[in-house]
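Taking it in order: structure first as structure tokens, then the write-up.
Quick note: the coordinates plus some simple rules give every number you see, no bench work behind them. Note that the coordinates shown come from a computational prediction; the quantities given were computed from them, not determined experimentally. Don't worry about glycine lacking a Cβ; one is built from the backbone with ideal geometry, like all the others, and counts go over all protein chains shown.
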Amino acid sequence: QGIVTIELAVGDLGCGVRNSLAARHRVEDQSSLQCLQFAFEGFTARVSGRGGLGLRRVRDIACATGGHLWIRSDNAAMLFRSEDNRIEYDNLEHIPGTQVTVEFRGPLPEIIW
């Protein structure tokens, strides 16, 4: 049918987005949902201070193809279906680490290749 779908899921049992950001930023008064928002605004835990583009780039490509990006960490999650279509979830059951699922649908834009 000329449509390609690629689905990826990645997870870890690490410290999560909030605790990762806490290594470089004052986030102790912020919720896990606010920390996910910060990650999409370019906040990074890297010592160099550079970074913070990966999640946004994946979101942009997934949404441009009609797919989605789901990220969950601690007790919060965000689902992106487009730049203007973001659903936020707060006060979920705590889980350790961070989980990400992404779906790309084809035809994929040339920028991926």
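Judged by the mean number of other Cβ atoms found within 10 Å, the most tightly packed of the peptides 69-82, 19-32 leads the ranking 69-82, 19-32. The Leu92 and Glu7 beta-carbon pair, evaluated with R₀ = 25 Å, returns a calculated FRET efficiency of approximately 0.70.
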